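Visitor: Sharing a structure with you now.
The values are calculated or read from the model by the stated rules, or taken from the named source; none is laboratory data. The model shown is predicted, which means the values in this text are computed figures rather than measured ones. Methodologically, a virtual Cβ is constructed for each residue, glycine included, from the backbone with ideal geometry; neighbour enumeration extends over all protein chains shown. Accessible surface areas use protein heavy atoms only, side chains included; no ligands, DNA or RNA. Shrake-Rupley method; radii C 1.70, N 1.55, O 1.52, S 1.80 Å.
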Amino acid sequence: MTDWRAKEAKYFMHPGKRMDLLAVRGEGTHIWDEDGRDYLDFFGGPATISLGHSHPVIVNALIDQAKQLIHVSNSFYSIPQLKLAELLIENSCFDRVYFMNSGAEADEGALKLARKWGKEKKNGAFEIICADNAFHGRTLQMITAGGTERYKAPFGPLPEGFLHVPFNDVAAVKRVTNDKTVAIFMEPIQGEGGINVADDDYFPQLRAWCDEQNILLILDEVQTGCGRTGKLFAYEHYGIEPDIMALGKGIGGGVPLSAFLAKEHAAVFTPGDHGSTYGGEPLTTRVGYEVMNYIIKNDIPAKVQANGATVKRRLDSLLDRCGIVTDVRGMGLMWAIQFSSDIGEKITNAALAAGLIVNNVRPNAVRLAPPLTITDEELEQGLAILEHVIEESSVAAPSK
Ligand SMILES: Cc1ncc(COP(=O)(O)O)c(C=O)c1O
């Protein structure tokens with residue numbers, strides 16, 4: 001039998017730590033390894049496999065579109081791109097959209113828009129206020145906007161114009177705002193930072209501050225968008241409308257597609273300002289259209305909200321009875337369980353051995369981001385495995 005792990009060690013650039021699972025097939029919430037062992041996937045991409053693995057809607061869209069037209073330059077019109085554009089604009093607060101391929105690129109486009117807006121409409125203002133612990137991707141500009149020092153340290157000098165403040169601290173934003181500030185750029189719920197949920201009044205207050213100061217509010221909904229939090233877009237929870245939003249991950253359900261959307265006043269690109277060979281090509285936007293259409297038509301956000309209530313109830317009870325669980329946080333189908341020590345990897349490995357894939361998003365926390373289409377039975381099954389693993393670890397180390 002081929003030793004694929006040895007090939008990785010020989011040929012691959014250091015990839016970061018992988019879990020000990022060679023995935024060969026997926027269907028719905030399930031993944032199978034090379035030995036045919038079946039796992040429940042509560043990792044989900046993370047937060048990317050919105051409709052589950054190989055959903056027929058995606059498979060059929062790929063086959064049908066591949067037979068018609070896979071790629072055509074953005075120098076031409078193409079129907080899937082325009083259908084997806086219409087669907088996104090008609091179901092959001094935005095007026096215009098631009099398609100890219102990855103979350104980092106969508107964020108990059110959003111910040112380019114803001115920089116141009118600052119040049120044209122705010123005396124060249126260019127500074128962006130970001131949050132500690134944020135994650136926006138791995139391009140040079142996005143590691144600079146992000147809040148993790150070790151992602152930036154080897155790569156300086158970094159682009160200028162990024163300021164950081166603690167998440168959920170409006171006063172800190174106000175303190176650093178100045179004449180050069182062009183935008184506030186944040187995730188509604190910090191995903192890679194460990195599922196840190198904004199206080200109810202945080203974004204309303206930031207919105208009011210942006211209006212008062214003539215600053216753009218840019219939300220990175222790469223992880224929270226497309227139904228993940230129990231609304232189509234997470235900004236809806238807060239009763240506010242951002243000026244610009246980035247989408248990625250779940251919009252393509254596993255194919256590389258992302259987008260940034262803007263209100264008319266912020267949509268300042270003119271021909272020549274931006275571009276992408278693959279961004280918005282027929283194959284990926286056809287899938288994006290079918291994924292978003294499925295999410296909207298079947299009111300998946302309502303199902304996610306109901307499932308989120310189940311997850312909350314079950315995880316809250318863990319908090320009550322397991323000494324090692326110190327916090328549970330999340331919304332919809334995006335949750336983290338925090339432990340009293342750095343046992344995230346141990347819990348993740350024990351869950352894997354028991355047939356459940358979760359993600360140790362932080363050394364002391366595990367994240368759940370299963371497909372939005374997970375069945376009630378699969379949800380119960382996965383949570384039961386996780387509870388058992390955590391209870392066993394709690395008996396071994398009963399501390400708080
Ligand atoms: C909030 C957020 N923004 C941006 C990104 C980057 O997306 P990508 O890896 O597709 O570039 C991620 C990825 O985890 C993310 O969670």
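Visitor: Taking H as built 1.01 Å from N, whose amide H comes closer than 5 Å to the amide H of residue 253, not counting residues under 5 places away?
Guide: 50
Visitor: Let me ask you something else. In nm, to one decimal, how far is the residue 313 label point from the residue 395 one, both placed 7 Å along Cα→Cβ?
Guide: Distance between label points: 2.6 nm.
Visitor: Tell me, what is the per residue accessible area of the range 59-115 in Å², probe radius 1.4 Å? Please report the intermediate quantities before stating the final value.
Guide: Numbers: 3040 Å² over 57 residues.
Here the residues of the range 59-115 average 53 Å² of exposed surface.
Visitor: With equal scatterers on the alpha carbons only and no solvent term, can you work out the Debye log10 of I(q)/I(0) for the range 133-233 at 0.18, 0.20, 0.24 1/Å?
Guide: The Debye formula, applied to the Cα set alone, gives -0.92, -1.11, -1.43.
Visitor: When the helix-only estimate is applied to the chain (DSSP H runs of n ≥ 4, each -39,500 (n - 2.57), divided by the residue count), what is the mean residue ellipticity at 222 nm, nearest 500 deg cm²/dmol? Could the numbers behind the result be given before it?
Guide: Numbers: 13 runs with 154 residues, N = 400.
Using -39500 (n - 2.57) per qualifying helix, the result is -12000 deg cm²/dmol.
Visitor: Summing +1 for each Lys or Arg and -1 for each Asp or Glu, what net charge is found among the other residues whose Cβ lies under 10 Å from the Cβ of residue 28? Could the numbers behind the result be given before it?
Guide: Values: positive: none; negative: 27, 41, 378.
Its environment carries a net charge of -3.
Visitor: A further question on this structure: Return the ratio Rg/(2.2 N^0.38 Å) for the range 338-379, where Rg is computed over Cα atoms only.
Guide: Numbers: Rg = 11.2 Å, N = 42, 2.2 N^0.38 = 9.1 Å.
It is 1.23.
Visitor: Let me ask something else. Once both labels are modelled 7 Å past Cα along the beta-carbon direction, what's the residue 297-residue 13 spacing in nm?
Guide: A separation of 4.1 nm, rounded to one decimal place.
Visitor: Carbon and sulfur: what percent of the range 294-390's accessible surface (1.4 Å probe)? Before the final figure, lay out each step's value.
Guide: Values: 1840 of 3670 Å².
The value for the range 294-390 is 50 percent carbon and sulfur by accessible area.
Visitor: Given a 1.4 Å probe and every protein chain left where it sits, what share in percent of the accessible area of the range 99-206 is carbon and sulfur?
Guide: 50 percent
Visitor: Once the piece of chain linking residue 54 and residue 274 is laid out straight, how much longer is it, given 0.36 nm per residue of separation minus the C-alpha distance between them?
Guide: Numbers: separation 220, 0.36 × 220 = 79.20 nm, distance 3.22 nm.
Once the chain is fully extended between residue 54 and residue 274, it gains 76.0 nm.
Visitor: Given a Förster radius of 45 Å and the C-beta distance between residue 5 and residue 176 as r, what FRET efficiency does 1/(1 + (r/R0)^6) yield to the nearest 0.05?
Guide: Numbers: r = 46 Å, r/R0 = 1.03.
The computed FRET efficiency comes out at 0.45.
Visitor: While we're here: How much space per residue, in cubic angstrom, does the convex hull of the C-alpha atoms of the range 232-322 take up? The partial results should precede the final answer.
Guide: Details: hull volume 13.6 nm³, N = 91.
Here the figure is 149 Å³ per residue.
Visitor: If you don't mind, another one. For the range 275-356, I need the span (max minus min coordinate) of the C-alpha atoms along each principal axis, in Å, sorted largest to smallest.
Guide: 51, 29, 26
Visitor: So how far apart, in nm, are the two label points at residue 201 and residue 388 if each is 7 Å from Cα heading toward Cβ?
Guide: Here the modelled spin labels are 4.6 nm apart.
Visitor: Residue 331 accessible area, nearest 10 Å², 1.4 Å probe?
Guide: 50 Å²
Visitor: Would you work out which of 16, 55, 171 lies farthest towards the positive end of the dipole of the chain? Charges go on Cβ: Lys and Arg +1, Asp and Glu -1.
Guide: Positive-most Cα among the choices belongs to 16.
Visitor: Express in whole angstrom the spacing between the alpha-carbon centres of the range 203-235 and the range 44-117.
Guide: Each part reduced to its Cα centre gives a spacing of 20 Å.
Visitor: Tally Lys/Arg at +1 and Asp/Glu at -1 over every other residue whose Cβ is under 15 Å from the Cβ of residue 66; what's the total?
Guide: -1
Visitor: Could you report the accessible area of residue 255 in Å², rounded to 10, computed with a 1.4 Å probe on the protein chains as they sit in the structure?
Guide: 30 Å²
Visitor: On average over all directions, what projected area in square nanometres does the range 151-206 have, based on the convex hull of its Cα atoms? Could the numbers behind the result be given before it?
Guide: Details: hull surface 19.2 nm².
With every direction weighted equally, the projected area is 4.8 nm².
Visitor: Give me the number: length gained by fully extending residue 119 to residue 35, i.e. 0.36 nm times residue separation minus the C-alpha to C-alpha distance, one decimal in nm.
Guide: Numbers: separation 84, 0.36 × 84 = 30.24 nm, distance 5.72 nm.
Gain in length upon complete extension: 24.5 nm.
Visitor: Using the alpha carbons of the chain, what is the convex hull volume per residue in cubic angstrom, as a whole number? Walk me through the numbers before you get to the answer.
Guide: Numbers: hull volume 61.5 nm³, N = 400.
Spelled out: Cα convex hull of the chain, divided by residues, is 154 Å³.
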